[in-house]
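The structure under discussion appears below in the form of structure tokens.
The values are calculated or read from the model by the stated rules, or taken from the named source; none is laboratory data. Only a predicted model underlies this, so the values are computations on that prediction, with no experimental measurement involved. Methodologically, a virtual Cβ is constructed for each residue, glycine included, from the backbone with ideal geometry; neighbour enumeration extends over all protein chains shown. Heads up: the accessible areas ignore ligands, DNA and RNA and are worked out on the full protein's heavy atoms, side chains in. Shrake-Rupley method; radii C 1.70, N 1.55, O 1.52, S 1.80 Å.
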Amino acid sequence: MYHDYTSYIKEKFGTRVQKIALNPGFNCPNRDGKIGLGGCTYCNNQTFSPFYGKTSTPIAEQLEQGIAFFSKKYKCQKFIAYFQSYTNTYADIETLEKIYYQALNNDNVIGLTVATRPDCIDENILKLLQKISKKYYTVLELGVESCYDKTLKMINRGHTFCQAENAIKQAASFGLELCAHLIMYLPGETEEMMLKTADIMSALPIKILKLHQLQIIKGTKMEQQFKENPELFSLPSAEEYADFVAKYVSKTRPDMIFERFISESPMQLIVAPKWNGIKNKEFLEKIKKRLDK
Ligand code: SF4
């Protein structure tokens, strides 16, 4: 068994809580030249921008639309505003405060999750999140992606693992609940290397882990690399990945909470691996069976 995020949140708030992905329209310093140009080689923000997340739509409205959509789909009345697209701390502090509170001012919103790069936080941002966390449930989600600098360089991530480690420790010193996002099966990483990251993450003050299998998405630099040098990639089948995830979970600190194990990008955007649109729920069944065994 392992701790899953849905149960953790249900227990904490006594009800199902739905995350509503939002797009505040901030760019990314790895795209606009501040840190790099062209972005991470696997990045296509279309894969995680909701249909209502148009940057021209104000945050309060995006939230209303998201809530209306999910309230029909599931019976839920509480929501977490999830600042997901691009780099959600990449603006001046006044703008960040204004945007976060636009979401928090909705009576049905119990808190927020802010996703960002490890090199895009500073003391002022952490102080703001700390202030928000005194009143609202607050998670800072850091895109660590890999624990290996060679990989980070290859995917043009624009930061090192040491920067991620320092960001995690700094954010933890502000008492924030931290989530780390990692991509598995990045080019050049063996199973042994990936499993080692379970120990590395376990030793850091991270409460929640999100793992994703690498997906090669249309229109990305990685699609081109995959076509030109397929031997660089070793992409697992869904069954192989489930075997791997079960080993990963078993190696991780027992109190770690897992929020996700797979990405579910739109089928029409996926170049590889093609898993026939497997859903998170089906994949969780595979993991449970393996862990029980
Ligand atoms: S994955 Fe995130 S950090 Fe990388 S280019 Fe895309 S938005 Fe920027």
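When we screen 121, 67, 132, 125 for residues that are within 14 Å of the ligand (Cβ to nearest atom) and open to solvent by less than 40 Å² (accessible area, probe 1.4 Å), the only hit is 121.
Examine the stretch 49-61 for a residue that is open to solvent by less than 40 Å² (accessible area, probe 1.4 Å), of a type in the set (Val, Ile, Thr) and at pLDDT below 90, and state whether such a residue exists. Checked the stretch 49-61: at least one residue is open to solvent by less than 40 Å² (accessible area, probe 1.4 Å), of a type in the set (Val, Ile, Thr) and at pLDDT below 90.
Being touching a helix residue (DSSP H, G or I) at 6+ places or on another chain (Cβ under 8 Å), touching a residue at least 24 places away in the same chain (Cβ under 8 Å) and aliphatic (A, V, I, L, M) is true of residue 211.
So which residues in the stretch 89-105 are more than 22 Å from residue 259 (Cβ to Cβ) and away from the ligand (no atom under 16 Å from the Cβ)? Within the stretch 89-105, 92, 93, 94, 95, 96, 97, 98, 99, 101, 102, 105 meet the criteria. Whether a residue is part of a loop (DSSP other than H, G, I, E, B), modelled with pLDDT of 95 or more, within 16 Å of the ligand (Cβ to nearest atom) and surrounded by fewer than 21 Cβ atoms within 10 Å (Cβ to Cβ) was assessed, and residue 41 passes this test.
Return the residues of the stretch 153-188 that are open to solvent by 20 Å² or more (accessible area, probe 1.4 Å), in contact with a Ser or Thr (Cβ under 8 Å, 6 or more places away or on another chain) and not in a helix (DSSP H, G or I); say none if nothing qualifies. Listed by number, the residues that qualify are 156, 175, 177, 185, 188. Residues in the stretch 6-34 that are at pLDDT below 95, under 25 Å from residue 90 (Cβ atoms) and open to solvent by 60 Å² or more (accessible area, probe 1.4 Å): 3 in all. Each residue in the stretch 271-293 was checked for being at pLDDT below 95 and not in a helix (DSSP H, G or I), and 7 of them qualify.
Going through the stretch 70-88 one residue at a time, which ones are open to solvent by 10 Å² or more (accessible area, probe 1.4 Å) and within 16 Å of the ligand (Cβ to nearest atom)? Of everything in the stretch 70-88, those that are open to solvent by 10 Å² or more (accessible area, probe 1.4 Å) and within 16 Å of the ligand (Cβ to nearest atom) turn out to be 82, 84, 86.
Scan the stretch 116-150 for residues that are closer than 22 Å to residue 79 by Cα and part of a loop (DSSP other than H, G, I, E, B) and report the count. Selection size over the stretch 116-150: 1. Does residue 139 satisfy the condition of being in contact (Cβ under 8 Å) with a residue 24 or more places away in the chain, within 15 Å of the ligand (Cβ to nearest atom) and either over 19 Å from the mean Cα position of the chain (by Cα) or within 23 Å of residue 261 (Cα to Cα) (or both)? Taking the combined requirement at face value, the residue does not satisfy it.
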